[in-house]
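Before any comments, here is the structure.
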Amino acid sequence: SQRELVEHLSVPVIPLSQSVAVLPLIGMMDTYRIRTIEEKVLTGISDLKIQTLIIDLSGAANMEMHVIDHFQKVLTGISMMGCKA
């Protein structure tokens, strides 16, 4: 349960209105974290019926190329769900 709590806090999808949410990303972005982000974001879009997701990368540290590639796939998934990122 502690691991689930840490995962939830590391990927906070914060609703701003009924259709808009923000995802602030802070710190290191590794393969495990980008997979957690993918799962939580896509679930959050579905559960909260988000139409616009603001992704704040200003606090994100350097990302390796394979993590950037996976992040692009997350953006494609967000778009396929009918949400603008």
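Read-outs throughout are calculated quantities, based only on the coordinates presented, and are distinct from any laboratory measurement. Predicted, not measured: the structure shown is a model, and the values here were computed from it. Neighbour counts are summed over all protein chains in view; Cβ atoms, including those assigned to glycine, are modelled from backbone coordinates with ideal geometry.
Return the tail of the calculated pair distribution for segment 2-80, meaning the percent of Cα-Cα pairs more than 21 Å apart. Result: 22 percent of Cα pairs exceed 21 Å. Remark on Ile55: its backbone amide H falls under 5 Å from those of Leu23, a criterion applied only to residues 5 or more positions apart or on other chains, H modelled at 1.01 Å from N.
Positive end of the dipole of segment 2-80 (Cβ unit charges, origin at the Cα centre): among Thr36, Thr76, Gln18, the Cα lying farthest that way belongs to Gln18. Mind listing which GluC sites (Glu not before Pro) in the chain are in a DSSP loop and have 13 or fewer other Cβ atoms within 10 Å? When the GluC sites (Glu not before Pro) of the chain are filtered for loop state and at most 13 Cβ neighbours within 10 Å, Glu64 remain. Inter-label distance, Val20 to Arg35: 3.4 nm, where each label sits 7 Å from its Cα along the C-beta direction. With an 8 Å Cα cut-off and a minimum separation of 6 or more residues, compute the relative contact order for segment 2-80 in percent. Taking the mean separation of contacting Cα pairs over the length of segment 2-80, I get 35 percent.
Let me spell out the model: positive unit charges on the Cβ of Lys and Arg, negative unit charges on the Cβ of Asp and Glu, origin at the Cα centre of segment 2-80. What dipole size does that give, in debye rounded to 20? If you can, show how the numbers build up before the last one.
On the way: 6 positive and 9 negative charges, 27 e Å.
So the magnitude is around 120 debye.
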